[in-house]
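Comments concern the structure below.
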Ligand SMILES: [Zn+2]
Ligand SMILES: [Zn+2]
């Protein structure tokens, strides 16, 4: 699983950080998906090694501008490039209306099918190698996380047992690997009997803006990767004149530790944290480290993270 951070700033862009957008793909998957699409995401795509023509799906976590204002430009460019391939857009309700207000053309004139799905909480979308479940969060407007659950795979079979039972290596082995029972002559080979322990699928949460990470509950338990906002440090958040329902570095560290999250990547960093500014970036890392001692990364634009398989 490959994740490329195209935008890691909160609210407004800075010289180093663009607005929220994360590219995701799996090994041997044709095409890729995008989580959030802040303003100028298409510029970031051009500066990366991603091919915009192979983008298949866009998931929007919530309808604050810093998470979706890049959609119009991206869709317009697809039209100009003569895109033919369907594009699916999964978003909270309201986006369809918003887009049609801004687009000066009907969807049919785009030249490709824009499949807009306004999801509901706990809805599950199935893809070839994984499914994506929509989980509700706590924020100033409706906001959601996406749980990517890779399917368990049984890629190993007990060849010795099969041969003992009279089935020599053949095409039938591939069917058994897929869990299909095979009949050869009079004899039925029940796949389940020959499948070795399956490889457990990986689980990843890509979260939108959220002030209570613990609301993700047991989904966080031993999670392979959590990508979550960490907009402020504790002290800064406490002194904000208006509370804006975000998570502090301290809180995300605490929750990640409590649930045994294996890899934590924090993003959506307030523009005030910069090595050139009043608040150096290391403050965020130090605060998370007060609790969490797993693998931690503070996202940067164009950073790529590979989540390897467990086995
Ligand atoms: Zn935001
Ligand atoms: Zn927001």
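The values are calculated or read from the model by the stated rules, or taken from the named source; none is laboratory data. Quantities reported herein were computed from a predicted structural model and do not represent experimental measurements. Heads up, the Cβs are rebuilt from the backbone with ideal geometry, glycines too, and the neighbour counts pull from every protein chain shown.
Could you grab me the full set of residues in region 148-183 that are closer than 30 Å to residue 123 by Cβ, in a loop (DSSP other than H, G, I, E, B) and in contact with a strand residue (DSSP E or B) (Cβ under 9 Å, 6 or more places away or on another chain)?
Answer for region 148-183, where residues must be closer than 30 Å to residue 123 by Cβ, in a loop (DSSP other than H, G, I, E, B) and in contact with a strand residue (DSSP E or B) (Cβ under 9 Å, 6 or more places away or on another chain): 151, 152, 154, 155, 179.
Got at least one residue in region 275-291 being assigned to a loop (DSSP other than H, G, I, E, B), surrounded by fewer than 20 Cβ atoms within 10 Å (Cβ to Cβ), touching a strand residue (DSSP E or B) at 6+ places or on another chain (Cβ under 6 Å) and assigned by TED's automatic domain parsing to the domain that holds residue 6?
Taking every residue of region 275-291 in turn, at least one turns out to be assigned to a loop (DSSP other than H, G, I, E, B), surrounded by fewer than 20 Cβ atoms within 10 Å (Cβ to Cβ), touching a strand residue (DSSP E or B) at 6+ places or on another chain (Cβ under 6 Å) and assigned by TED's automatic domain parsing to the domain that holds residue 6.
Could you list, in sequence order, the residues of region 241-271 that are in a loop (DSSP other than H, G, I, E, B) and either more than 15 Å from ligand 1 (Cβ to nearest atom) or surrounded by fewer than 15 Cβ atoms within 10 Å (Cβ to Cβ) (or both)?
241, 242, 243, 259, 260, 261, 262
Please indicate, with yes or no, whether at least one residue in region 225-234 is surrounded by fewer than 17 Cβ atoms within 10 Å (Cβ to Cβ), assigned by TED's automatic domain parsing to the domain that holds residue 35 and not in a helix (DSSP H, G or I).
Checking region 225-234: not a single residue is surrounded by fewer than 17 Cβ atoms within 10 Å (Cβ to Cβ), assigned by TED's automatic domain parsing to the domain that holds residue 35 and not in a helix (DSSP H, G or I).
Say whether the condition of being within 16 Å of ligand 1 (Cβ to nearest atom) and not in a strand (DSSP E or B) is met by at least one residue in region 18-30.
Yes, region 18-30 contains at least one residue that is within 16 Å of ligand 1 (Cβ to nearest atom) and not in a strand (DSSP E or B).
Within region 47-58, identify whether any single residue is surrounded by fewer than 23 Cβ atoms within 10 Å (Cβ to Cβ) and within 13 Å of the chain's Cα centre (by Cα), and answer yes or no.
For region 47-58, residues surrounded by fewer than 23 Cβ atoms within 10 Å (Cβ to Cβ) and within 13 Å of the chain's Cα centre (by Cα): present.
Kindly provide the set of residues from region 31-51 that are in contact with a helix residue (DSSP H, G or I) (Cβ under 7 Å, 6 or more places away or on another chain) and either at pLDDT below 95 or closer than 27 Å to residue 151 by Cβ (or both), ordered by number.
Answer for region 31-51, where residues must be in contact with a helix residue (DSSP H, G or I) (Cβ under 7 Å, 6 or more places away or on another chain) and either at pLDDT below 95 or closer than 27 Å to residue 151 by Cβ (or both): 31, 32, 36, 37.
Do we have residue 193 as away from ligand 1 (no atom under 16 Å from the Cβ), touching a helix residue (DSSP H, G or I) at 6+ places or on another chain (Cβ under 8 Å) and in a helix (DSSP H, G or I) here?
Yes; evaluated as a whole, the condition is true for this residue.
Away from ligand 1 (no atom under 16 Å from the Cβ), part of a helix (DSSP H, G or I) and either closer than 30 Å to residue 173 by Cβ or in the same structural domain as residue 34 (by TED's automatic domain parsing) (or both), is that true of residue 75?
Yes; evaluated as a whole, the condition is true for this residue.
Has region 55-72 got any residue that is assigned to a helix (DSSP H, G or I), modelled with pLDDT under 95 and more than 16 Å from ligand 2 (Cβ to nearest atom)?
yes
Identify, by number, the condition in (1) touching a residue at least 40 places away in the same chain (Cβ under 8 Å); (2) away from ligand 1 (no atom under 16 Å from the Cβ); (3) within 25 Å of residue 150 (Cβ to Cβ) that residue 92 doesn't meet.
In the conditions (1) touching a residue at least 40 places away in the same chain (Cβ under 8 Å); (2) away from ligand 1 (no atom under 16 Å from the Cβ); (3) within 25 Å of residue 150 (Cβ to Cβ), residue 92 misses (2) alone.
Go through (1) under 27 Å from residue 303 (Cα atoms); (2) more than 16 Å from ligand 2 (Cβ to nearest atom); (3) not in a loop (DSSP other than H, G, I, E, B) and name the single condition residue 49 misses.
All conditions pass for residue 49, except number (3).
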